[in-house]
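I have placed the structure first, in the form of structure tokens, so that the comments after it can refer back to it.
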Amino acid sequence: MDVKEEDKSEESKRNHIKYYRSLAKTISDIREEEKQEQNPVIKNHLEKRIEAMEKDKIRIKEMFPDITDE
């Protein structure tokens, strides 16, 4: 399997910052949806989505440590 080298260019950084910040809003929206959901299967699915997004945020933060949550 080929390992893709991470693009740390300024353009990549700008794109990752936008994505990083959008993840925070998306996670917040999903948490609200999760509070209202009664079906345990759907609640579990929403939690798994949040976990995946949190991992993505960590990956981006490791690539660009100076990113803030603003």
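Taking the options 60, 67, name whichever one is at pLDDT below 95, surrounded by 13 or more Cβ atoms within 10 Å (Cβ to Cβ) and assigned to a helix (DSSP H, G or I). Break it down into steps so the answer makes sense when it comes.
Details: 67 fails: assigned to a helix (DSSP H, G or I).
Criteria check complete, one pass: 60.
Screening residue 24 with (1) surrounded by 10 or more Cβ atoms within 10 Å (Cβ to Cβ); (2) at pLDDT 95 or above gives one miss only, at (2).
Could you count how many residues in the stretch 51-60 are over 19 Å from residue 16 (Cβ atoms) and of a type in the set (Val, Ile, Thr)? Steps first, answer last, please.
We begin by selecting, within the stretch 51-60, every residue over 19 Å from residue 16 (Cβ atoms); these are 51.
From what is left, the residues that are of a type in the set (Val, Ile, Thr) are none.
Summing the residues that are over 19 Å from residue 16 (Cβ atoms) and of a type in the set (Val, Ile, Thr) in the stretch 51-60 gives 0.
The values are calculated or read from the model by the stated rules, or taken from the named source; none is laboratory data. Here the structure is a predicted model, which is why all the values come from computation and not from measurement. So basically every Cβ, Gly included, is an ideal-geometry build from the backbone, and we count neighbours across all protein chains shown.
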